[in-house]
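Take a look at the structure set out below.
Laboratory data are not the source of any read-out in this text; all were calculated from the coordinates shown. Computed from a predicted structure; not experimentally measured. Cβ coordinates were reconstructed from backbone atoms using ideal geometry, including for glycine residues, and neighbour counts include every protein chain displayed.
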Amino acid sequence: MRRAVVIGASGQIGRPAVAALERDGWDVTAASRGGGRDESWGPGVRAVRLDRADDGALAAVVGDGCDLVVDMVAYDAGHARQLTDLAGRIGSAVVISSVSVYEDDKGWGFDTLDEPDGFPAYPVPVAETQPTVAPGEATYSTRKVALERELLAKGADLPTTVLRAGAVHGPYSPLPRELYFVKRHLDGRNGRVLAYGGESRFHPASARNIAELVRLAAARPGTRVLNACDPQAPTVAGIAAAIDALMGAEPQTTLVAGPPPAGSVGRTPWSVPLPVVFDMSAAGRELDYRPVVSYEESLPETVEWLRRRLAGGDWRERFPLLARAYPDLFDYAAEDAWASGT
Ligand SMILES: NC(=O)c1ccc[n+]([C@@H]2O[C@H](COP(=O)([O-])OP(=O)(O)OC[C@H]3O[C@@H](n4cnc5c(N)ncnc54)[C@H](OP(=O)(O)O)[C@@H]3O)[C@@H](O)[C@H]2O)c1
């Protein structure tokens with residue numbers, strides 16, 4: 001039986017990825033620091049505790065050898081070297097990177113989003129051939145590029161598929177952007193403001209679709225870089241409408257033509273001045289990838305999970321990463337003040 005080791009298995013991408021590999025007949029060692037298990041996993045999955053920072057522990061989990069390593073928590077060149085150092089014992093790898101590696105033709109990218117005129121003017125859609133920022137230690141994106149380059153350079157020893165994920169969504173997300181609309185409905189907010197006319201597009205990526213890409217790449221080892229996003233990039237207004245429909249809410253939406261009119265008012269986690277949309281055709285060509293779920297189809301389980309996760313708790317406590325990334329997500333007082341013209 002083919003054996004896979006999944007590092008970061010109990011997270012939002014790991015859970016469906018492990019399940020997809022198990023369904024495909026893999027014998028899966030599902031590793032994370034806590035050793036957590038998903039309830040959907042069956043007997044083909046062995047959950048183990050592993051801190052990938054410990055080289056010896058990682059080597060022990062790989063053991064005499066495995067056919068596949070899937071790495072959800074690889075963030076820099078050092079993490080790449082951990083895998084390539086074990087190349088003789090690993091058949092192939094699938095490693096999660098990010099679409100934040102891309103830069104536009106002026107050198108703007110995710111690291112310059114907040115600089116004056118620093119928002120990248122990407123082509124629509126962005127293909128994998130788009131230039132990336134230079135590798136380095138400075139930021140999340142430069143480290144991801146360093147990770148990718150290190151892996152791709154050693155592709156002859158360890159065939160590796162790099163998956164550049166968009167805005168990941170699904171149950172167990174540490175950064176559930178959907179909470180922006182879900183919590184407003186749970187709080188009974190009747191009005192909302194959407195900047196940029198609600199037309200912003202920031203490409204989402206269902207963890208289930210990424211899991212499908214993992215499954216396909218595992219079955220066809222190779223050295224390649226592929227975008228990992230949903231079939232469509234809905235507008236913010238489209239995302240809002242899909243969540244409204246699911247939750248049976250009919251809030252009043254005020255569309256503002258330009259940027260957020262006052263501080264965080266109108267700024268959702270997808271509110272961008274220019275489209276950030278990725279080309280998924282290479283995955284189709286390389287792996288015969290077909291998305292398993294649309295954005296709308298993915299929402300019910302995410303919204304249900306968010307409801308349960310939030311019940312009776314403070315959102316900042318439940319989602320600390322989200323609160324750090326978007327501290328003013330629910331500044332209702334600012335919205336009301338703007339709406340009343342004060
Ligand atoms: N969120 C996004 O929108 C987004 C966008 C683009 C790319 N990505 C990429 O997606 C990946 C994250 O995947 P995810 O969203 O599934 O993450 P996640 O939900 O935060 O899950 C992380 C998983 O890794 C485990 N883990 C964390 N540190 C570990 C360590 N040192 N050793 C072993 N296991 C460890 C966690 O469990 P324990 O805590 O028990 O260890 C958990 O199983 C990253 O590569 C990130 O760059 C995310």
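What number comes out for the charge environment of residue 137, summing +1 per Lys or Arg and -1 per Asp or Glu over other residues with Cβ under 11 Å away?
Details: positive: 143; negative: 76.
Summing Lys and Arg as +1 and Asp and Glu as -1 gives 0.
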Let me check against my output: what whole-number percent is the relative contact order of the chain, with C-alpha pairs under 8 Å and at least 6 apart?
17 percent
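How fast does the range 73-201 diffuse by Stokes-Einstein, in µm²/s, taking the Kirkwood radius from C-alpha pairs at 37 °C and 0.692 mPa s?
Details: Rh = 17.0 Å.
Translational D for this selection: 193 µm²/s.
What dipole magnitude, in Debye to the nearest 20, does the range 222-342 give about its Cα centre under +1 on Lys/Arg Cβ and -1 on Asp/Glu Cβ?
On the way: 10 positive and 16 negative charges, 74 e Å.
My answer is approximately 360 debye.
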Treat each spin label as a single point 7 Å out from the Cα along the C-beta direction, and report the residue 64 to residue 24 distance in nm.
2.5 nm
Want the number for residue 49 to residue 342: 0.36 nm per residue separation, take away the alpha-carbon distance, what's left?
100.1 nm
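Fully extended, how many nm does the chain gain between residue 106 and residue 232 (0.36 nm per residue separation, minus their Cα-Cα distance)? Each step should come with its number before you reach the end.
Numbers: separation 126, 0.36 × 126 = 45.36 nm, distance 2.63 nm.
The span from residue 106 to residue 232 would gain 42.7 nm if fully extended.
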Computed over the range 22-89: relative contact order in percent, which uses C-alpha pairs under 8 Å that are six or more apart:
24 percent
With label points set 7 Å from each Cα along the Cα-to-Cβ direction at residue 311 and residue 250, the distance between them in nm comes to 2.9 nm
Looking at the chain only, what percent of DSSP beta bridges run antiparallel? Nearest 5 please.
10 percent
Would you kindly state the longest site-free stretch of the chain, with sites defined as GluC sites (Glu not before Pro) in a DSSP loop (not H, G, I, E, B) surrounded by at most 11 other Cβ atoms within 10 Å?
138-342
Amide N proximity, the range 87-127 versus residue 2 label position 7 Å along Cα-to-Cβ, cut-off under 13 Å
91-94
How far is it, in nm, from the label point at residue 328 to the one at residue 262 when both lie 7 Å from their Cα along the line to the Cβ?
1.1 nm
Counting just the Cα atoms, what span does the range 51-114 cover along each of its three principal axes? Round to the nearest Å and put the largest first.
47, 21, 15
Taking just the alpha carbons, could you work out the radius of gyration and Dmax for the chain, both in angstroms?
20.4, 68
